[in-house]
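The next block holds one structure in the form of structure tokens; read it before the comments.
Values in this text are rule-based calculations from the coordinates and carry no lab data. Computed from a predicted model, the values in this text were never measured in an experiment. As a convention, Cβ positions derive from the backbone with ideal geometry for all residues, glycine included, and neighbour counts pool all protein chains shown.
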Amino acid sequence: MSGRETDAGTETGASTPTPDDGVDLAEGVDHQVAMVMDLNKCIGCQTCTVACKSLWTEGGGRDYMYWNNVETRPGEGYPRDWENSGGGWKSGEHSERRPGEIPAQEDYGDAWEFNHGEVMYDGSDQPLRPQSDPEWGPNWDEDRGDGEYPNSYYFYLPRICNHCTHPSCVEACPRKAIYKREEDGIVLIDQERCRGYRYCVEGCPYKKVYYNATKKTSEKCIFCYPRIEGEGPDGETFAPACAEDCPPQLRLVGFLDDEQGPIHKLVNEYEVALPLHPEYRTQPNVYYIPPFAPPQHSEDGETVDVERIPRNYLEKLFGERVHDALDTIERERDKVDRGGSSELLDLLTDTNPARKYRLEVFDDD
């Protein structure tokens, strides 16, 4: 038993939870690991991106891969225009996949070479810049957003593989190389079985599966499962690197079927944590607290009762339930402003790792 598990039991008084019969788990999966990201905390610092890149995708055909990326919204994302590339399911029966496309390499962007030698060693007074003339890349439209001054707006959207309950990438693979782990529902690619056909890249509507041209196999986010399994030097369990290294600590990690954990409460009880593009019908297990923003201003600088981030844009991202989620959070904030208490806001502002990362609650199963 690690120190973190002891803290969790001590501070919450929780015993080992039991699965919630109301949670839809994939067939053959015992428990479903999940993540909730609070978009109101994301500052776009890319620390999560760097943590993931340095840990998993530094080289060996992975230069263009960002298993974790942070997009500016509204924006075209990474790979460019991925939301219009197809994939997913045609219906909730999950019997027929939607046709999809494989993004072109230029939609990901190349791994640019910079003039480091000239600037840092040769005494050049030129600014640091790519040696090529790039036209696109990750975060090309960073902080651009939408709207007009003084009511322009943008927000950040971190993305990883959603480790879906009904992953269309699994169905797309003719080699059955992609699978969901029985113990926690993490979606992995068997590198021995994969032959690099790239049907998985086409099938994923979020375009979070990547082709490694050097190895001739597909690769993707593995939810840092070695960290979850305690394979570090001291055998201690850790949340994924993107969560642990995040300066504003916007991510919560746990199990969807852990009734006493924050994931279950935010997703199933308060229903304020929402999947990205639910219309793809893959049932993602990465959820988002939708963003708030200050109201708009008139040309004279006066506050007007108009939301800065249009609800119809958030609905395109998170579905119709985003209205109820935002209204619920607003009610809870008003309650606290009036001197009351709110379990929901306590969950969203908790900084204790033992409660934010509940990853050992089912270890005795």
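If each residue of separation counts as 0.36 nm, what is the full-extension length gain between GLU192 and SER124 once their alpha-carbon separation is subtracted?
19.7 nm
At a Förster radius of 35 Å, what calculated FRET efficiency corresponds to the Cβ-Cβ distance of GLU113 and ASP81, to the nearest 0.05?
Rounded to the nearest 0.05, the efficiency is 0.85.
If you take the square roots of the eigenvalues of the alpha-carbon gyration tensor of the chain and sort them as a ≥ b ≥ c, do you get rounded (a/c under 1.5), prolate (a/b over b/c) or oblate?
It comes out rounded by the Cα gyration axes.
Running a GNM on the chain with Cα contacts under 10 Å, which residue among ARG73, ARG338, ARG181 ends up with the highest mean-square fluctuation?
With Cα springs under 10 Å in the chain, the top fluctuation among ARG73, ARG338, ARG181 is at ARG338.
Of the GluC sites (Glu not before Pro) in the range 67-101, which ones lie in a loop per DSSP and count no more than 15 other C-beta atoms within 10 Å?
GLU93, GLU96, GLU101
Quick check on packing: order 243-253, 257-267 by the mean number of other C-beta atoms within 10 Å, highest mean leading.
257-267, 243-253
Could you pull out every one of the lysines with an alpha carbon less than 18 Å from that of LYS41, ignoring same-chain neighbours closer than 8 positions?
Once the sequence-local lysines are set aside, what remains near LYS41 is LYS356.
Separation between the GLU231 and THR351 pseudo-spin-labels, each 7 Å from Cα along Cα→Cβ, expressed in nm?
3.3 nm
Efficiency by 1/(1 + (r/R0)^6): what FRET value for ALA213 and ASN268, r their Cβ-Cβ distance, R0 = 30 Å, to the nearest 0.05?
0.15
For the range 181-228, restrict the atom set to alpha-carbon positions and state the Rg and Dmax in Å.
In order Rg, Dmax, the Cα atoms of the range 181-228 give 11.3, 31 Å.
Over the range 287-362, what lengths in whole Å, largest first, do the semi-axes of the equivalent ellipsoid take, defined as the square roots of 5 times the eigenvalues of the alpha-carbon gyration tensor?
Semi-axes, largest first: 29, 18, 11 Å.
Using a Förster radius of 25 Å, what is the FRET efficiency between LYS316 and SER54 based on their Cβ-Cβ separation? Nearest 0.05, please.
Computed FRET efficiency for LYS316 and SER54: 0.15.
Pull out the extension gain between ASP63 and GLU279, defined as 0.36 nm times the separation in residues minus the alpha carbon to alpha carbon distance; nm, one decimal.
Length difference between fully extended and current span is 74.7 nm.
Placing +1 on the Cβ of each Lys and Arg and -1 on the Cβ of each Asp and Glu in the range 31-356, which of VAL50, VAL36, GLN191 has its Cα farthest towards the positive end of the resulting dipole?
Of the candidates, GLN191 comes out farthest on the positive side.
In the range 268-362, what GluC sites (Glu not before Pro) fall in a loop by DSSP, with at most 13 other Cβ atoms inside 10 Å?
GLU271, GLU299, GLU302, GLU320
Could you tell me the largest-minus-smallest coordinate of the C-alpha atoms of the range 76-128 on each of the three principal axes, in descending order and whole angstroms?
Per principal axis, max minus min of the Cα coordinates gives 63, 15, 13 Å.
Lysines near LYS176 by alpha-carbon distance under 30 Å, same-chain residues fewer than 8 away left out - which ones?
Of all the lysines, those that pass the test against LYS176 - Cα under 30 Å, at least 8 places apart if same chain - are LYS53, LYS90, LYS207, LYS208, LYS215, LYS216, LYS220.
Could you work out how far apart the two model spin labels at ARG175 and ARG98 are, taking each label as a point 7 Å from the Cα in the direction of the beta carbon, and quote it in nm?
Here the modelled spin labels are 2.7 nm apart.
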